[in-house]
Amino acid sequence: GQLYGDVLYFATEARAGWSHSDPRPFYFWGYFVGLNGVWVLVPLALLADAGRQLAAAQGAADRPR
């Protein structure tokens, strides 16, 4: 859910031509992209970790006894 909301947040702002963000480079890259980007990276890292754990669990369950 968090990742979906972040994608919508960035996509709607991009579609509006970045009209609601401050055009100064430090604000745009430091605050808008940098600090908000953390909320994209954290869910992606958690999804990747969950995928690895699920694959390992499925591999263990599929091994013959």
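The values are calculated or read from the model by the stated rules, or taken from the named source; none is laboratory data. What you see is a predicted model, and the numbers here were worked out from it, not measured in a lab. Heads up, the Cβs are rebuilt from the backbone with ideal geometry, glycines too, and the neighbour counts pull from every protein chain shown. Please note that ligands, DNA and RNA were not included when accessible areas were found on the heavy atoms of the full protein model with its side chains. Shrake-Rupley method; radii C 1.70, N 1.55, O 1.52, S 1.80 Å.
Restricting attention to the stretch 40-65 and to residues that are open to solvent by 60 Å² or more (accessible area, probe 1.4 Å) and over 25 Å from the mean Cα position of the chain (by Cα), the residue that is nearest to GLN2 (Cα to Cα) turns out to be GLN58. Selection of the stretch 8-35 for residues being surrounded by 10 or more Cβ atoms within 10 Å (Cβ to Cβ), among the polar types (S, T, N, Q) and at pLDDT below 90 yields only SER21.
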